[in-house]
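The values are calculated or read from the model by the stated rules, or taken from the named source; none is laboratory data. Just so you know, these numbers come straight off a predicted model, no measurement behind them. Don't worry about glycine lacking a Cβ; one is built from the backbone with ideal geometry, like all the others, and counts go over all protein chains shown. Ligands, DNA and RNA are excluded from the accessible area calculation, which covers all protein heavy atoms including side chains. Shrake-Rupley method; radii C 1.70, N 1.55, O 1.52, S 1.80 Å.
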Amino acid sequence: MERTFIAVKPDGIQRGLCGEIIKRFEQRGFRLVACKMIQASEEHMKTHYADLKETPFYGGLCKYMASGPILAMVWEGRSIVKLARMMLGETNPAESKPGSIRGDLCIDIGRNVIHGSDTVENAKREIDLWFKADEMLDYAPCA
Ligand code: CMP
């Protein structure tokens, strides 16, 4: 079964949006297999966002993501990487359709509430970076 890494960013935590975000994933039929509150170091965020190293916003992004707690999660389900990205909306909330998480909950690209892995390969890399194997649970969906 496919898994993806989802994180509620510091702005999402401050605005009390964790429940809303978890509700959307549960209602879509996905399974939460790991979840923890964590304040990441800037070094950790630099590794997480390594593919954005050459962008002008890399430094600010990593600093911001380390500035407060994050809700780090692993979700599981069929085609979840692609479907979660659709649920999130576009990276820029201003281009996100109503009904998507960013389209409903935010307007600023630098405070876009949530992160979701963009490919199956990156999902594997990000899950390994944020979670140990024994922090993830295997359990059956409801019958
Ligand atoms: P995320 O899905 O976490 O992936 C990379 C993040 O970089 C993205 O969400 C935004 O928060 C951030 N980002 C992307 N483009 C810009 C930009 N032009 N200015 C500031 N932050 C950006």
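Any residue in the range 86-105 that is more than 20 Å from Arg15 (Cβ to Cβ) and within 17 Å of the chain's Cα centre (by Cα)?
At the first step, the residues of the range 86-105 found to be more than 20 Å from Arg15 (Cβ to Cβ) are 86, 95, 97.
Still in the running and within 17 Å of the chain's Cα centre (by Cα): 86.
Looking for residues that are more than 20 Å from Arg15 (Cβ to Cβ) and within 17 Å of the chain's Cα centre (by Cα), one finds at least one in the range 86-105, hence yes.
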| said: Out of Asp134, Asp138, I need the residue that is outside any helix (DSSP H, G or I), more than 17 Å from Lys23 (Cα to Cα) and away from the ligand (no atom under 13 Å from the Cβ). Which one? | reply: Asp138
| note | Contact list, first residue from the range 41-61 and closer than 18 Å to Ile127 by Cβ, second anywhere and aliphatic (A, V, I, L, M) and more than 11 Å from the ligand (Cβ to nearest atom), beta-carbon distance below 7 Å, six or more apart or interchain, is Met45/Ala66; Thr47/Leu129; His48/Leu129
| request: Could you tell me which numbered condition Gly29 fails, if it satisfies all but one of (1) more than 14 Å from the chain's Cα centre (by Cα); (2) within 11 Å of the ligand (Cβ to nearest atom)? | output: (2)
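Find the residue count for the range 53-88, including only residues that are assigned to a loop (DSSP other than H, G, I, E, B) and either among the hydrophobic types (A, V, I, L, M, F, W, C) or open to solvent by less than 20 Å² (accessible area, probe 1.4 Å) (or both). Can you show your working first?
Step one: list which residues in the range 53-88 are assigned to a loop (DSSP other than H, G, I, E, B), which gives 53-57, 66-69, 77-79.
So of that shortlist, the ones also either among the hydrophobic types (A, V, I, L, M, F, W, C) or open to solvent by less than 20 Å² (accessible area, probe 1.4 Å) (or both) come out as 57, 66, 68, 77.
Selection size over the range 53-88: 4.
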| message | I'd like the full set of residues that are part of a helix (DSSP H, G or I) and either crowded, with 17+ Cβ neighbours inside 10 Å or within 14 Å of the ligand (Cβ to nearest atom) (or both), limited to the range 93-124. | response | Pro93, Ala94, Glu95, Ile101, Arg102, Gly103, Leu105, Ile109, Gly110, Arg111, Asn122, Ala123
